[in-house]
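To keep things clear, I will list the structure first and then write my remarks on it.
Read-outs: derived from the displayed coordinates by stated rules, not from any lab. Since the structure is predicted, the reported quantities are computational estimates derived from the model, not experimental observations. Backbone-built Cβ (ideal geometry, glycine too); neighbour counts: all protein chains shown.
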Amino acid sequence: MSINDKLDQLEATARPLQLDAAARASRTDAVRAYVENWLTELPDKPVFMEDRGKRQAGTLTIEDDAIDIDQALAILAEQVDSTGQNTGSSRFFAYIPSGGLYTGALGDFLAAGVNRYAGVDYAGPGAARLENALLRWLSKEVGYPPGAQGDLASGGSIATLSAIAAARQRHDIRARDIENTVVYLTQLTHHCVTKALQVAGLAECRTRQIGLDAAYRMDSRALEEAIAADRAAGLNPWLIVGTAGTTDLGTVDPLPELATIAAKHGLWFHVDAAYGGSFVLCDSGRQRLAGIERSDSVVINPHKGMFLPAGLGIVLVRDGAALYEAFHARGSYMQDMEGMGVDQAHSACDFSPELTRPFRGLRLWLSLKLFGLAPFRAALEEKLLLAEYFYERIRAIDGFVTGPPPDLSIVAFRYKPARGDANDFNRRLFEAIRDDGRIFLSTTTLDGAFTLRMAILGYQTHRNEIDTALEVIEEFARRLDS
Ligand SMILES: *Cc1c(COP(=O)(O)O)cnc(C)c1O
């Protein structure tokens, strides 16, 4: 076969990849109808859908033959979208709820549909400007100075990795220093910090788990003593990780005290506000997070507190140069960018471990633009108040006990049964509530006690849903305790 014949044949086989306008429209319509149907039914779906062994069916495997969009959607409906947790439900109170604003999905559709290259200013100047505008905005809301820089990462874990890399860069931690370098955190610090240290090659740093005070916040006196002791022992105290909204309890470490200690002893102060950081957008939240503006780096997940679908965590670094120095790199294949003013502009690739990446700012930008800020600020203020509401009411129900009032929007509680093992009782209570499906909670262990937690962060969660939760929880506690 001649090369021309061969090319003709390959072209004919590859052609289906190029959908024409009519083919695009029919597929888009099918997908739109599917999502619409899903969202219409969501309010009536159980919040947790048991996986009834459907995984064994083989239709998810990749095969040579093509199927049409209706067949593909049927497989998704059957195998994927009818199992597990409905994170976007208004009655989802487990882990940290992740809303799924529809405008976020539209932003993703636009981003992928048009496919602007957002990683490099030269390749997508408008996309880079849009993302920089988001970073400037959030930086200002946090209270950082104009020199701060940041990155739109896929989530809190990768954002944390970037913060750790910037902290290492600024403190010039070399291989020979690692064993003498010390990180300060608490038992409630998210495991993404340990992961980030590992990925950054810093697993052999010493970590000090600082004790908690009665309100489950880092004990700042104990922190200062630990730093002094380490310094006296010739070690290199490097990094304090404060959490502004622990995943377990929503507690906020004493940020002003930690900032003062970090400044006094010359440590990097990172705040993990992946869950809680969005609360800077409302007045009560900003007060509760006071001191966050004095940190060296902070992580905030819009896929939590700004209600976006999974896929966006933001890192901000006060000294933007530290982030740049940690990630700036060039290859000769990028030489056309030079002399285009690129190095004066903010290209995401200079502040991120990523080069090519989704234009993920668009989902947040579109949402903030289409709604304006007021609904976000109100929704966040509402969540804080709903947590207080739940806290007061669950305490008032006979048999339920709680810890201190919530710092943010998570309430930990458990039931004290008349007889029998309390941990066993609360596990059964949790399982009965999960299997009922009207609400979905999650649990943790607190001072050895099996504890239920109610995390309130859905944009569509209002007083009515909290009342439902209280009813369901009380109903099953009574049933199991009779
Ligand atoms: C959710 C969370 C993280 C991790 O964020 P991902 O987006 O899941 O990677 C880190 N820290 C805290 C406090 C969190 O709540």
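The table below lists the values:
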| quantity | calculated |
| --- | --- |
| Expected 222 nm ellipticity per residue - DSSP helices of 4 or more, -39500 (n - 2.57), all of the chain, to 500 | -13500 deg cm²/dmol |
| Exceeding the 29 Å Cα-Cα cut-off - candidates K45/K304; K140/K369; K304/K416 | K304/K416 |
| Sparse-neighbourhood loop sites, trypsin sites (Lys or Arg not before Pro) in the stretch 1-65 - DSSP loop, at most 10 other Cβ within 10 angstrom | R52 |
| Charged-residue dipole, Cβ positions (Lys, Arg, Asp, Glu), the stretch 374-480 about Cα centre, Debye nearest 20 | 160 debye |
| Charge dipole of the stretch 107-371 about the Cα centre (unit charges at C-beta), most positive-ward option of L110, S347, G291 | L110 |
| Relative contact order of the stretch 107-371, pairs being alpha-carbon contacts under 8 Å that are 6 or more residues apart, as % | 31 percent |
| Rounded to 5, percent antiparallel among DSSP beta bridges of the stretch 107-371 | 40 percent |
| Calculated over the stretch 193-285: convex hull of Cα atoms, volume per residue (Å³) | 111 Å³ |
| Size of charge dipole - the chain - debye, nearest 20, with Cβ of Lys, Arg +1 and Asp, Glu -1, no other charges | 900 debye |
| DSSP beta bridge pairing in the chain, given as percent antiparallel to the nearest 5 | 60 percent |
| Computed over the stretch 1-62, Cα set: Rg, Dmax in Å | 20.2, 61 |
| Cα coordinate range in the stretch 66-151, projected on the principal axes (Å, largest first) | 50, 37, 16 |
| For the stretch 107-371, average projected area of the Cα convex hull in nm² | 14.3 nm² |
| Charged-residue dipole, Cβ positions (Lys, Arg, Asp, Glu), the stretch 107-371 about Cα centre, Debye nearest 20 | 360 debye |
| Rg [Å, one decimal], Dmax [Å, integer] - the chain, C-alpha atoms | 24.9, 86 |
| Farthest positive-ward along the stretch 107-371 dipole, Cα basis, beta-carbon charges - from I164, L235, P125 | P125 |
| The stretch 106-159-the stretch 1-53 distance, computed between alpha-carbon centres (Å) | 28 Å |
| For the stretch 374-480, Kirkwood radius (reciprocal of mean inverse C-alpha pair distance, Å) | 14.2 Å |
